[in-house]
Structures are given as C-alpha cells and as structure tokens.
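Asks: Take this structure first; my questions come after.
A short reminder: the numbers here are calculations on the coordinates, not readings from a lab. Please read all numbers here as calculations on a predicted model, not as lab measurements. Positions of Cβ are generated from backbone atoms using ideal geometry, with glycine treated the same way; all protein chains shown enter the neighbour counts.
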Number of protein chains: 4
Amino acid sequence: MISAVVMTAPDAPLEVRAFERPELEPGGVLLRTLGSEVCGTDAHLWKGQLAGVPYPIIPGHVSVGQVAELGPAGATADVARDVSGAPLQVGQIVTFLDVYGTCGRCWYCTVGHATTRCPSRKVYGVTLSADDGLLGGWSEYIYLRPGVHVVPLPAELDWRAFLAGGCGMPTALHAVTLGEIAFGDTVVVQGAGPVGLCAAVLAQLRGAGSVIVVGGPEVRLDAATRFGADAVIDIGSTTPQERLAAVRDATQGRGADVTIEATGAPGAVPEGMRLTRDAGRYVVVGQYTDAGDATFNPHLDLNQKHLEIRGCWGSDVGHVYRSVQVMARYGRQFPWTELISREYGLDSAQAALEDVAAQRVVKALIVPAR
Amino acid sequence: MISAVVMTAPDAPLEVRAFERPELEPGGVLLRTLGSEVCGTDAHLWKGQLAGVPYPIIPGHVSVGQVAELGPAGATADVARDVSGAPLQVGQIVTFLDVYGTCGRCWYCTVGHATTRCPSRKVYGVTLSADDGLLGGWSEYIYLRPGVHVVPLPAELDWRAFLAGGCGMPTALHAVTLGEIAFGDTVVVQGAGPVGLCAAVLAQLRGAGSVIVVGGPEVRLDAATRFGADAVIDIGSTTPQERLAAVRDATQGRGADVTIEATGAPGAVPEGMRLTRDAGRYVVVGQYTDAGDATFNPHLDLNQKHLEIRGCWGSDVGHVYRSVQVMARYGRQFPWTELISREYGLDSAQAALEDVAAQRVVKALIVPAR
Amino acid sequence: MISAVVMTAPDAPLEVRAFERPELEPGGVLLRTLGSEVCGTDAHLWKGQLAGVPYPIIPGHVSVGQVAELGPAGATADVARDVSGAPLQVGQIVTFLDVYGTCGRCWYCTVGHATTRCPSRKVYGVTLSADDGLLGGWSEYIYLRPGVHVVPLPAELDWRAFLAGGCGMPTALHAVTLGEIAFGDTVVVQGAGPVGLCAAVLAQLRGAGSVIVVGGPEVRLDAATRFGADAVIDIGSTTPQERLAAVRDATQGRGADVTIEATGAPGAVPEGMRLTRDAGRYVVVGQYTDAGDATFNPHLDLNQKHLEIRGCWGSDVGHVYRSVQVMARYGRQFPWTELISREYGLDSAQAALEDVAAQRVVKALIVPAR
Amino acid sequence: MISAVVMTAPDAPLEVRAFERPELEPGGVLLRTLGSEVCGTDAHLWKGQLAGVPYPIIPGHVSVGQVAELGPAGATADVARDVSGAPLQVGQIVTFLDVYGTCGRCWYCTVGHATTRCPSRKVYGVTLSADDGLLGGWSEYIYLRPGVHVVPLPAELDWRAFLAGGCGMPTALHAVTLGEIAFGDTVVVQGAGPVGLCAAVLAQLRGAGSVIVVGGPEVRLDAATRFGADAVIDIGSTTPQERLAAVRDATQGRGADVTIEATGAPGAVPEGMRLTRDAGRYVVVGQYTDAGDATFNPHLDLNQKHLEIRGCWGSDVGHVYRSVQVMARYGRQFPWTELISREYGLDSAQAALEDVAAQRVVKALIVPAR
C-alpha cells in the first residue's frame, strides 16, 4: 500500500490515506517521490479559494521522483520518453510539468499559440481528483499518465535544489522572459515570496544592472539580499510615496526599466505601474486569485507613460525545462537549497501548510521518506 | 503681412493677427499653408486642459504647405532636406512632423529608444509660442525651423486627402503597429473619432479578418461602415454587457484578438480589457488628457487573461512618413477626403473649433486661401 | 468503390485505382472531395526529388471537401471538431491542414515552439502511403484520421477561391508574417508562382507602400499586375545588375525594406540579399528542394548590411486558419479564382502534373466530379 | 604641447607628434586620457583594409579619460552633459561613444530606426583626421566635440576593467542582444578574440544553459574557460565535421540554439549555420572587412532549417551605456582586467599594434601616462 496526503475538502484537516499500487497503462510511469513542494497555491486550495477543484485531491503540483516502474511498451508511440525524446529508464530522477492534457487541437493551442489558456488543461495536485489515483505529489508514489511531460534532472542538479525553486522558478522564468530585460536595466520585483525571489535571481541572469526587491517580511528580504538583490525595500515600514521616491532615486528619476509583480495584492498593480519608467515594461504574475479591484489613472499611469503591461498566466513545459537547465548551470552562484526553510514528512503536511499560509517559511518541502 | 489665427488664452475668443514675413535662418523653410487640421487637441487647448502651453499660440499642428522660400544655404549641413535626404525645392508640397527638437542625446533618445518621451520635444501649434513666430498651422504661412522633419506628399496624394487623416492617421498608425495584428485577427476599435476611424482602416491594411467599431454618434459610425468596418456598435444605445456579448458572439466566445482604444473616456479602458480575448493585446492611445480614474480587477482582467496592454504616446517622423506612403498607395480603396466634413477660412476658425468640440463634424480643416 | 489517382513511383505514369470505402474510427471523418490543388511539390514528387516518400501515394495535399460521414463518437474526446472546437456536421465544407501527427510532446513542439520542425509530422498527399488509405486529395473521397486539424470555409468563401490560393497561401502567409512588413514599406517578391503571387497580395494586406514582383513568365507577371503589384520585373529579360538598379531606383537608392524569396533557384538568395536595404529583412521560403549551392559575401551582403534573413519552413494550422479568414474577408478586392488556369478530372491528372511542371498554368485543380 | 600617436598612412611606421592644446567650443570637452584600447580594427587600419580613412589619423576609438576642461557654457543647450542628462564635472572619469555625428534626421535615423547605418557617422580614431585635432585615443588628451555621447564610469568600475572589454564589449552586447538567448539555451560562440570572449560572458548573463567557444589559439581558449565557457573547441586541431559532431553531441543532436559569429573568416559563416539547430538563430558580427566569399546550400542550411540569421553592424550609445552598467555590476563574477595582456606607452604603440595583429595578446592598452 502507498501512503498519500489527502485534502478532502476546503478547511478540513489533511488526512494520510493508503492507496493501492496502480496498474500502469502503456506509456504511464510510476515515480517514487523524493520531494514535493508546499506553495501558496496549496494554501489557497485549502481555503477553498480556487474554483473547479475536485476534492478530495492529493496536493503537491511540483515534485521530483525516481522512476520506479514503466508501463508496458507495445507500440513505439507508447514508450515513455522525456522532453528531449529519450526513453525513460528505471532509476532516473525526474520532474514533470504539473499541467497535463493540453490538447494541441483547440484554437488556443493551435491558432492562438497560447497553450497556457487551453481549456483542457488539468493540473496535478490541483484539478485531478484523488479518486482517480496518485495524481499529486504529497504521496510516496506519483502516477504519471501517458503524455505527461517529463524533464530529467541533470546529475549536477540535486533534487532538493530544484524543489527549492519549486513552482516559483518556472513561474518567475515565464514572467522574466516576458519582461524582456535588456542588459543593464534596473529591475524592480514586487514581492519576496518564492516567485519574487526567483525573479530577482533570474533578473541577474538576464544581465540586469540593478535589482530592487520590494516586499517583506524581513526573513524574505534577507533571502533576497543573499541571492544578490542590490537593494530591498520593506513594504511594512514604507509608504507607496517613499517606495516611489526610492526607486526614482536609484534611477536618476526615471523609474524601473522593468517591473515584475509577484505579490497577490491588487493595490500592488497601480503602484507597480508608477514604479516603472516611461516606455518601460510591467509584468503582472502574482494576481493568482481574485483578491479584489484596483484603481488607476489611464492617462497618467498608462497612456502618457507609453507603458507596456503583460499579464502572465501559467507555465508550459518549456519553462520547466529551462528552469532545470538554469538551476543546474548556475548552482555555484546561487545556493538554491538555502531557500528551503524546512522539510516535513507526510504526516506533518498539515503543519507545512499552516507554516506556508502564515509566511513563517520561505520554501517548505514534503519529503515522504522522512 | 501674414495673417494667422492666435489663441491668446484658454477660453478667450480666437483672433486673426498680422505677422511680419520672417527672415529665414540657414536650413529654415517658409511654407505657404494649403490646409491645417482642427482636431480634438485644439479643443483641449482652448479649454486649457493641457499643461505647459505658452499662450498665445498659433494652433494647428498637422498641416500641408507649399515651399515658398528656403533659407540661405551656406554649408552643406544647412541645406533643408526632406526625410529621405533630398534637398527641398520651392514649389514642393510637403507636410512635416509637428514635434520639433527631439534632442537625440538624452537617455530616452539614445538608451531608451523612446523618442516620443524625449523631454526636449516641442510641438508646432501646441508648445511653441506665437511670440516666437509662425509656429502653427492656422496661418497663411508656417515657418519651419532648421531641423524640422519634412515629408513630401507624392503626386498621387492630394493634400486634402492627407489632411483628412490629419494627426489621427500617424497616431492610429502608431497604435495599430503596437497592436501587432495578425492576418485574420478580429480587431475591436473603441471610438469612432478620427483616430478610431483611421485605426479601423489601418486594421484592414494589416489583413484583419474582422473590424468592429464601438462608438458614436451615428454620423461617425456611418463613416466607419463606409470605410469598411464589418460591424459597428453604438455606444449610446448599448450597455457594456451588451457590447461584451456582441463581441463574444462575433468571435466564437473568445473576444477580440486585438483591441485599440481611441475614446478619451477612462471607463473605456477596463471595458476594452474585457472585450479582448485571453492572451490578446490591447493598445490604449485615446487617454490623451487626465479625465479621471478607472477600476479593474487585476486577477480577472489582466493576470488570468494573460493580457498584454500597451500605452501608446505620440508619433515620430516615421509614423508620418509611413502614413503618407499608405494614404498615397491605398487612396483608391479608401476615399479619404470623405472624412472631411467642412473647410473653414482663417476668420471662421472659431466656428471650426466649436464644431469639433461638439463632435458635429468628423474632420474639419482650416484653409487659409478660402 | 472510390476512385483515386495513385503515383506508384517516381517518373511512372499516374494511375486511377479503385479503393474500398473505409471504416471510420472514432473521431475520423470522410470527406467527399470538391477539389484538390496541383502544385510544384507534386511535380517534385513525380520527379523523385523529395526524400522519404512512401510510394505509392495519392497526391494532393491541399484540398476542400464536404463532410460525408463522421466516425462513431463514443467519448466526448472522440467527437470530430473543427479548429474552433465546434463539432463537425455532415454536409459542412471544410479544408484541413495537410500536416498530421505533430506530436505535441517532442523538444521542438514543446521547448522549441517550432512545430514545423517536429519529426513526427506526416503530410497528406506526400508522406502517407496509398497502402494505408485515402490519404491524399486527388481522390473522390479523403479520409481524415482522428486528430487532423479541420478548418471550415465560411459561407462567403467559395471552395474554388480557397483552392486558387492552395498551399501557396498559407506558405506565403507564414513568410509574409515573418517578413514583419511595416506600413509603407517597399516589398520585393522574388518569384511569380503561387507562393510569390500570394505573397504579393498579402504584402498589400500588411499596408506595404509598394510591391515589386521579380519573376516570370509573362502570364504570371500579368497575374501579379492584376493582383495589385506596383511593378514587375521580368527575370527573363533583365540582368541581376538591372534588377538591382530598378529596385534601388524605386527606393531612393536604399533597396527593399523587406524581400520575400519564392523561386526555388539558389542564385536568387544572394541576389535577394542585395535587393534588400541595409537593416532590412529577407525571408527565404522558396528553397523547398536541394537545387545546389549559392555564393555570397558575408561582409558586404550580410554583416555590414545589418541584414536579417529568415528561413521559413512549412505551415501550421494557424496559417491555414488565417488564410481562410483573409481570403473570405478580402475576396471582393482580390478575385482569387482568376488564379485558376484550368481544372482537371481524376483521369486527366497526368496532364495537370505536366502543365504545372512546365509552368503552363498559374494554378491547376483536380476536380473529381468533372 | 600634447603628445599623440599618428598613423600617417597604411603600412607606415607610427609616429608620436606634438599638438597644441585646443581651444574648446561651447559644449566641447577635453579629456586627459587614462587609457585607450588597441583592437583588431587598428590592425586593419594600419594594413589599409578599411575604405574612407582620412590619414593621418590618431588611432584609438574606445578610450577612458578624466574630464580636464569643459568648453564655455553660454546657453543651456551648450552645457556638456552625460547620457543621463547630468552636467559633466571636471575630474569625472568617463568613456564616450566613438561614433559621432549620427544625424538624427536621415531616413535611417528616423524612419528606419537603424542609426548604425546613418551615412553621417564619423568615428573617433577611424574616420576623423589628425589634421582636425585630437580625435583619437592614443594621445595624452582627447577632444570631445559638442554632441559626443559621454558615459561616466561608476565608482565600482575601474577604468582598466572597462577597457579590458574595450570595443569588444559593446559590439558583443549588440550581437548577444540580437541573439535573443532564452534561459537555458546552448550558445555557440565562434571566435575567441575580444568580441568572442565578451559574447561568451554575456551569454552567461542571459542565463544560457551552456556556452561553447570555438576558436583559438590556446591562450584565448584558456581565457574563455576562465571566464566561464562550459566547453572550448580548438579550431586549429579539429575539422568542421568534428566541430559539428561535438556541438551536436552536446545538444542531444540538435545543434546550438543560438550561435554568435566573431571570427572575421568568411568560411565560418556557413559552418555557423550548420552548428545551429533547426529554427535557431545565428548572429554574424565578425565579418568586419571584406575577406572574400562563402558558399552555402540555401535549402539545407537556411530554408529547411527555418534558420534566422542576423547581421550585426556597429554599436550605438545604448550599447556602450549598457556595457558600462553590466561590467560594473558583474565585476566580482568576471575579473575583467585579466583580459589585459599588456599595457604600452605612447612610444610603444607600434609594438602594441604588431602584438595585436599577431594575436600574441588578448587585449592590449595604450596608457599615455606610462
């Protein structure tokens, strides 16, 4: 029997349940879970703030595991392969894109080239039910259905290092890519959670001239500084006017060339527009749930500024693949694992969830083997 | 003596004053005015809604004239040339970029490549004083200082046809360029004034699959239809919900691929965000003055939508040059001069201004020779 | 029994063979063929110039048909749908992307976002064998396997009009999209075959200021003129130097802003580099088979010119979808069906092939009902 | 009197001549030279391989100096300012863009937005004559005419560190920017001279997953490794086939995502096309002089590959400004000054030139105070 954490309903205590070991379909893969992250989304799930969640679910959408078993391979098409086309091997350490079932046939997939808006997308640990199997990461084993996009971790990337970025890394990688940072740009990152911290690192890996992190609390700002931020501004002890003045002072009065929002607070959006220079670019990636409205001045904050704003939703397999390559390549420079505040066994998942919800930790992992 | 219309102060009646014929500097050009447009900006100027205007001014920022006299050409550098480098000739019919004095040296001009945000910009008919000379178009003659960017009209482009677009054409051309319309896209244009009508035409010249104009009043929507709009939606007789439903119906439920805002009403901006499909693009060009705030939902209207928004400010000489080429090339298809509702002599400028402010006309011209 | 043209081997005479009506899989579609184009690729196939062709094949890769039968629909996923997600209906008139089986899982499909380089692609009428069924268009019926991308023709787009563009239209649409034509640009198109003619039309639907077609023979240049080309240059009666001089004369000495190559002749490529202005853009789409090498000067033709060159391979379903929208929308302006020189029945396919190979026709169609 | 090195004619020995201290115009600046680089262009100048050079010249196009004197400032417009608009101060340490006199008015400057193709450009140390003053860097003092673009060095960027990059850094920055490297990309750099080494560094500052330098001799490849290249391939001991195999082995058979050419050898260009993956991008920046033709296969190397090639010519002030910001920010990570092989006094300029021409040094500086 396989143990897994089950979130039975919003606000209900998490349970550890026993599951049968699944029969594998052709092309399916069984992973022995090494670790799975706990992120803000899990807290949102627990509070019932996301629509369309088929409780009970096994949470955990970004995970790393070791290939334990491969489904029967009849036809060539049925061989489970990684994203580069190599057949998977038992014993390999891999991660996978949590989004599964992007159809490749709908208007968004084909004409729109906007696969993160495909209506067929299902997400491991979020929109797949525990009634349908081991489809979430807080579990001893994860079942990868045929067609799940698998990315192997290179030898030089420890699985803990990868999970230290967690879903924050591909999310930030998508946002920073949309930011089109030019060499030497001043980049402001709003928010110092996992997405914000990853964005602050990735901005340096685009050759930013200066990276300013606006956020809190202190434990997170300290992490930002350790990971190379040139300046941090504590959201708890400053007014919007003071923050605007600080950014302008650092940019000869112009404002940030590129601003990345990763906060979740609606009011951060108009503030971010103002922190950005005329003809600059602003990426909004942190408004993951509906937390209310915001007010801005279309003339001053957008049109006269000649400002570009890009909403950024979801990640695709390319973002995960690229995150893996970047984390493997720049691990000497950025000690990823320092972002992990604490690891929890399956039976401590409830504590993990509460610590994340309370922002007591930067990054928390579920490690079933503990 | 040369007659010119002078706006002495906000809300004061326009006057026709006599000016001396100017002495030309090397590289300067004296144009005999054929026509000059009256646009919404002139109404804003008269109502005192723009900051930094050095009244008294001679209004008229987009104009066409015939080269009447060329300044003394000593050094080669002093020869007045058009934008393609050809020396200007007396008798040529030309227009010019109203923006003058973009410095080419500041951070925005050099590093930022955002010349429409250069702080040295001066604008004929707007930010140049009548005390300094014939620096506006509602005048028998216009003095082009050395360095003004001059664009000749090709033989096949009648000067009236060019002025029928007026400043709306380069403004719309800038906005539609930022819209990055793909072949077959559905384009919604908010606003049916000169900018909106030009945008509706230019969308067709990007191969849009369908162009929907949302605006009013009826006289302008009729013009939109005559100029090829596939559908018009009257802002006066519909609710935002009805407009959203109409656009979704026309796009299999998705919304517009690209939306261009050209209204001036702050509330149009959140509405335009909603009219645009997920992963679509929204260009805001009509918020030319501060008309107040707007409220939106950062999660629903921006982040989850994966929406791109681009504020679009000003035009550069490339936009004017390209407008001239496009209007000359596609004049058989689009009968530009039909956009001109009425022509006024210098002594009727007051009436022209009032007609434009009241939206009684689509496009009004000042024609000094009348 | 169903009649279809079979190309049994390179250089062998075409045969008309009888096939059984197929059993439909869930999600499969049987089309009654209205028409199928004959294009240069078919001539290449017949001459054995393409690698990896599983003769015998039924030629015909771009076709239009009427839905005659739909496969059994068990699960929702098995319902045959068009590209916008609407279930297909018997009687509908549709086209489809000839490329089938793009995997959506390989590196090129996911990380590279270059689906036209997916190694799993199969092409109706080219890389699918007649032994496997009715997988080409020169046939009374075409069998669409589950997953083929289907695009309905709107009521205002006659099927003959769509086939008049044939595969040349999505190919040209892809190339012109990569050309990033700006309003008013001078565009040179090298080649006056179907791709070149479509590119000349599409350049006008990007607002080109001038379109110059370089090619031959006269029948094709006449078509270019009728479809709006501002100038044509006969490749048969001019030297490269004369062509360069002509293009420079038309552009104040600069050269074309954007050049589109659609010739198939290797020597056209260095010539096209020279026809393009400094800092211009050159799209190479016509080098569909290996016709030998070309020589150029990297300093003069590329580096000092600050030239951008884009190879353009294949089309995806978005290009077909957009072609359909554009042809439907701009049919009054461009009388597509005039491009059709002749229609042939199945038993005249051999004559059609020879006429295309000899460039005696602009566009030839196979119409089984003739 | 001021000493400066003069190149009187191609192949003639360099001379040190005495010049009068110049009278400064309003807006002019006199710099006391701290150092000036010796680069491949200087060797080309000496061999007479560049057209349009007004010998005698004072060589030295990228230099750093201390502001010694400012011209008389009458009008506000005459105050010498840096690129951010701040008035220059005596004693400041600055560099400047060698290109001077970009007109801001021609078609390339205005419509084409391709200022590096402006025909009015003059270049310090290259196309300005010693007869007209101290207009090159191998001199005790340099005279900056009004309008020269000046970029101050921040306190944390030592002048030697900046010159260690020299003109190679903005050139590489331009090329790498055009390369549009995505996170995790494999980047091949052809050439291990100053441009190639800077490109290899900058690729890391775009988050490349792997950087492979193809070049020689060993001293330069060693520098590449010290500056972070993941692999080097010695051009002297490998065949093109071996190099292609090595790059494919490192990329699961695909080839480089982005390749940057910085060699000057025409044959490198077709090789670079082949080293790049399908749908990849290739930037050609090293073909600075006409060294002959190259041959390629348009079908295999360009069209079927769906390859994008970008010629990259010159730098603008933004590239210099951004180089300064990047070198200042990432100096701890990249010990720039290690690239300097040797410093020479004015009277050893001849030896410097010969060492550079013979590739005996990575980077050589002229330091007048030595």
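Asks: How far apart, in nm, are two points set 7 Å out from the Cα along the Cα-to-Cβ line at residue B:129 and at residue B:332?
Replies: Label at residue B:129, label at residue B:332, 5.2 nm between them.
Asks: Pull up the DSSP beta bridges for the protein assembly as shown and report the antiparallel fraction as a percent, rounded to 5.
Replies: 55
Asks: Where in the stretch A:215-234 does the amide nitrogen come within less than 18 Å of the point 7 Å from the Cα of residue A:359, taken along Cα to Cβ?
Replies: The answer is A:215-226, A:232-234, whose backbone nitrogens lie closer than 18 Å to the label point.
Asks: Another question, if that's okay. Return the average number of partner chain Cβ atoms within 10 angstrom of each residue Cβ along peptide D:181-187.
Replies: Shielding by partners across D:181-187 averages 6.
Asks: A further question follows. Compute the FRET efficiency between residue B:51 and residue A:252 as 1/(1 + (r/R0)^6), taking r as their Cβ-Cβ distance and R0 = 22 Å, and round to the nearest 0.05.
Replies: 0.45
Asks: Would you tally the net charge around residue C:101, using a Cβ to Cβ cut-off of less than 13 Å, leaving residue C:101 out, and scoring K and R as +1, D and E as -1?
Replies: +2
Asks: Also: The stretch A:136-193: which GluC sites (Glu not before Pro) are DSSP loop and have at most 12 other beta-carbon atoms within 10 angstrom?
Replies: A:156
Asks: Can I ask one more? Given a cut-off of 41 Å, what percent of all Cα-Cα pairs of chain A lie beyond it?
Replies: Within chain A, distances greater than 41 Å cover 12 percent of Cα pairs.
Asks: Tell me, A:11, A:293 in order of fewest to most beta-carbon neighbours within 10 Å?
Replies: A:11, A:293
Asks: Please average, across the residues of D:289-297, the number of beta carbons from any other chain that are within 10 Å of each residue's own beta carbon, and give a whole number.
Replies: The shielding value for this peptide is 6.
Asks: When Lys and Arg each count +1 and Asp and Glu each count -1, what net charge do the other residues less than 10 Å away from residue B:279, Cβ to Cβ, add up to?
Replies: Residues close to residue B:279 contribute a combined charge of +2.
Asks: Treating only the Cβ atoms of Lys and Arg (+1) and Asp and Glu (-1) as charged, compute the dipole magnitude of the stretch C:168-311 about its Cα centre; round to the nearest 20 debye.
Replies: About 220 debye.
Asks: Using a label point 7 angstrom from Cα along Cα-to-C-beta, what distances in nm, from shortest up, separate residue A:335 from the other copies?
Replies: 2.2, 7.7, 7.8
Asks: Summing -39500 (n - 2.57) over the DSSP H runs of n ≥ 4 in chain D and dividing by its residue number, what mean residue ellipticity at 222 nm do you reach, to the nearest 500 deg cm²/dmol?
Replies: One gets -7000 deg cm²/dmol as the mean residue ellipticity at 222 nm.
Asks: Another question, then. Ignore the peptide's own chain and count Cβ atoms of other chains within 10 Å of each Cβ in A:310-322; give me the average, rounded.
Replies: What the average comes to for A:310-322 is 6.
Asks: Please express the shape of the stretch D:168-311 as an equivalent ellipsoid: the semi-axes are the square roots of 5 times the eigenvalues of the C-alpha gyration tensor, given largest first in whole angstrom.
Replies: Here the semi-axes work out to 19, 17, 16 Å.
Asks: Among the chymotrypsin sites (Phe, Trp or Tyr not before Pro) within the stretch D:1-107, which fall in a DSSP loop and have no more than 11 other Cβ atoms within 10 Å of their own Cβ?
Replies: none
Asks: How would B:233, C:181 line up from fewest to most surrounding beta-carbon atoms within 10 angstrom?
Replies: The fewest-first ordering by Cβ neighbours comes to B:233, C:181.
Asks: Set the Förster distance to 22 Å, then compute FRET efficiency between residue C:78 and residue C:23 from the Cβ-Cβ distance, nearest 0.05.
Replies: 0.90
Asks: Could you line up C:82, B:249 from fewest to most neighbouring Cβ atoms inside 10 Å?
Replies: Ascending Cβ contact count within 10 Å gives the list B:249, C:82.
Asks: Suppose R0 equals 60 Å. What FRET efficiency, 1/(1 + (r/R0)^6) with r the Cβ-Cβ distance, do residue B:120 and residue C:120 give to the nearest 0.05?
Replies: 0.60
Asks: Name the residues of the stretch C:132-168 whose amide N is less than 19 Å from a point 7 angstrom out from the Cα of residue C:351 along the C-beta direction?
Replies: Taking a point 7 Å out along Cα→Cβ of residue C:351, the residues of the stretch C:132-168 whose backbone N falls under 19 Å are C:138-140.
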